[in-house]
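Have a look at the structure below before the remarks.
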2 protein chains.
Amino acid sequence: MKPAVAAENLVNTNAFTVQDVINLVLKEGALTPISNTVDTIKSGHAGQQVTGIVTTMFPTIAVIEEAVKRNANFIIAHEPSFYNHRDEVNLVKNNTVLEKKIQLLEKHQIAIWRFHDYCHSINPDIISYGVAKKAGWLSYYKAKSTVLTIPKVSLKQLVQHLKTSLGISNLRIIGDPEQMCERVALLPGAAGGQYQINIASSEKPDVLIAGEVSEWETAEYIRDSRLLGGNMALIILGHAVSEEPGMEWFAEWLQPKLPAVKITHVASGNPFTWM
Amino acid sequence: MKPAVAAENLVNTNAFTVQDVINLVLKEGALTPISNTVDTIKSGHAGQQVTGIVTTMFPTIAVIEEAVKRNANFIIAHEPSFYNHRDEVNLVKNNTVLEKKIQLLEKHQIAIWRFHDYCHSINPDIISYGVAKKAGWLSYYKAKSTVLTIPKVSLKQLVQHLKTSLGISNLRIIGDPEQMCERVALLPGAAGGQYQINIASSEKPDVLIAGEVSEWETAEYIRDSRLLGGNMALIILGHAVSEEPGMEWFAEWLQPKLPAVKITHVASGNPFTWM
């Protein structure tokens, strides 16, 4: 394995390893190490020379195949590779889907690094900034704040705006489509019930925009809140599509810092058909 | 508090306490105690005299109000009261929604018992039996098996059947609406990614019918499985609506065992508007 080299010595050479890229992201993101992070190398190895980088939400089979087509052997993915948060490969016995995925990754010598905890630790948060950018909300966006005050619109109009700007075909809400929304809590991804309810409870936004919720947590909280006379609404975008603009923005963020390596975004996309 | 009395001595008196009813369920269900169960009394107290029983999925504000109207002061709910699995009331500080819910419960002296772990431990599982019953699948249902072999239908027809029989307006799938399905894994509720993927991996059904999934777990597993050439489909019914027939069946199950107390089911229902 190639010894670690300071990132600043590398930007003018073509010989970047996976670890060099990770080091560069940590340095440029002004990140301090996170203990017990899920952001580990899931496939390939640290010393592997990088031919190109693909950023994505989920490193699906389709994303891997597209990376191969683009001659990019390094996928930086926000979410797990192997269907559980810690990417434990033995959680389910005889998991042939997982085995075939590993075989495909090995065949094409694809490295995967998960970029989740660090991604959310960059200031501003790569994901929420990317989503705000794609939604045309950067002028309302404040780093380290989940709440944006946007020009007042109906919930129905807000839903339409999110569908159009983020490229989302279907979503779920709890609320009255005609109610007006101005203070928006933007929580892409699956931040967890405790966090989502805490933001709802402390920030009292007009609407909470989440990627994914546990139905027995945030959804029931919002339902009861409204039954008790409250007016807070909930929009559930879907996990992948809610954070994808963040990983798209990450490619833009990283490219000028690493001009020698081609960095593109491949959307893993919405997995569902709505019926 | 009234001393505990053996259930068999009580079926001919009107003086049932919450604890008497719980004891009766445990006895009639041939249940052995589960350590560290979430099935605890969430509101009211064990010695409280029961005026009537309502069964439901989520003890929402609307369900509580309906119970009051029905003069039923005991709600047996499958899912949490306070927006987290263990019903911790201090998980989110200054949670006024939770505080108002507790005030409402106290005002009307409503007892709530969660009936989750025990409910799934009865043989046959109250929930999956109730869902199979409502779907008209009892002749294909086997206790302790998650897989039913039903007459072959297309995924589209299966979706339509589930919508009609279970009263579901919208749902999400991963799969080809035209593919044929015969072996069906029935997993209402949110059984968790490890369990769902284990069933998918070991049973290899044509379709997995889940109540709720974590999108980074089961949904991505099914998506990759199909991208690798597999044909397994996924139907996501929604958590509340997927298990509601189980709690409806539980009211039927319990009523003849406790004829002196009126037991009715109140559906907490789908919380979402689909847009």
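Filtering the range A:48-57 for residues that are closer than 24 Å to A:GLY167 by Cα, of a type outside the set (Gly, Ala, Ser) and in a loop (DSSP other than H, G, I, E, B) leaves a non-empty set.
Condition first: under 28 Å from A:VAL50 (Cβ atoms) and more than 10 Å from chain B (Cβ to nearest Cβ). Can you find one or more residues in the range A:177-196 that meet it? Scanning the range A:177-196 turns up at least one residue that is under 28 Å from A:VAL50 (Cβ atoms) and more than 10 Å from chain B (Cβ to nearest Cβ). Of all positions in the range A:131-151, none carries a residue that is assigned by TED's automatic domain parsing to the domain that holds A:LYS42 and of a type in the set (Ser, Thr, Tyr). For A:TRP137, indicate whether it is aromatic (Phe, Trp, Tyr) and in contact with a Gly (Cβ under 9 Å, 6 or more places away or on another chain). No, not satisfied. Of everything in the range A:78-88 that is free of Cβ contacts under 8 Å to residues at least 40 places away in the same chain and crowded, with 16+ Cβ neighbours inside 10 Å, the residue that is farthest from the other protein chains (Cβ to nearest Cβ) is A:SER81.
Of all the criteria given as (1) in a loop (DSSP other than H, G, I, E, B); (2) open to solvent by 30 Å² or more (accessible area, probe 1.4 Å), the one not satisfied by B:HIS161 is (1). Can you pull out every residue in the range B:185-233 that is free of Cβ contacts under 8 Å to residues at least 24 places away in the same chain, under 21 Å from A:HIS78 (Cα atoms) and either among the aliphatic types (A, V, I, L, M) or not assigned by TED's automatic domain parsing to the domain that holds B:VAL131 (or both)? Listed by number, the residues that qualify are B:VAL213, B:LEU227. Among residues of the range B:156-175 that are at negative phi, those with a beta-carbon under 6 Å from a residue that is polar (S, T, N, Q) at least six positions away or on a different chain give the pairs B:ILE173/A:THR273. Any chance you could count how many residues in the range B:1-22 are farther than 19 Å from B:VAL54 by Cβ, surrounded by 15 or more Cβ atoms within 10 Å (Cβ to Cβ) and at pLDDT 60 or above? Result for the range B:1-22: 0.
Looking across the range A:214-263, the residues that are under 11 Å from the mean Cα position of the chain (by Cα) and of a type in the set (Gly, Ala, Ser) come down to A:ALA240, A:SER242, A:GLY246. Looking at this structure, is B:LEU171 among the hydrophobic types (A, V, I, L, M, F, W, C) and touching a Leu at 6+ places or on another chain (Cβ under 8 Å)? Criteria met by B:LEU171.
In the range B:109-119, is there at least one residue being under 30 Å from B:GLU182 (Cβ atoms), more than 12 Å from chain A (Cβ to nearest Cβ) and buried (at least 17 other Cβ atoms within 10 Å of the Cβ)? Yes.
For beta carbons closer than 6 Å, sequence separation of 6+ or different chains, a first residue in the range A:104-131 that is over 20 Å from A:ALA30 (Cβ atoms) and a second that is open to solvent by less than 10 Å² (accessible area, probe 1.4 Å) and part of a strand (DSSP E or B), the qualifying pairs are A:ALA111/A:PHE74; A:ILE112/A:ILE75; A:ILE112/A:ALA77.
In the condition set (1) over 18 Å from B:VAL38 (Cβ atoms); (2) assigned to a loop (DSSP other than H, G, I, E, B); (3) basic (Lys, Arg), B:LYS100 is compliant with all but (2). Can you tell me how many residues in the range B:130-157 are under 23 Å from the mean Cα position of the chain (by Cα) and either small (Gly, Ala, Ser) or not in a strand (DSSP E or B) (or both)? Count: 17. The range B:166-260 holds strands (runs of 3 or more DSSP E) entirely within its bounds, and those carrying 2 or more residues that are open to solvent by 50 Å² or more (accessible area, probe 1.4 Å) map to B:180-187.
The values are calculated or read from the model by the stated rules, or taken from the named source; none is laboratory data. Remember, it's a predicted structure, so these values are computed and weren't measured experimentally. Heads up, the Cβs are rebuilt from the backbone with ideal geometry, glycines too, and the neighbour counts pull from every protein chain shown. For the accessible areas, the whole protein counts, side chains as well, though only heavy atoms, and no ligand, DNA or RNA atoms are used. Shrake-Rupley method; radii C 1.70, N 1.55, O 1.52, S 1.80 Å.
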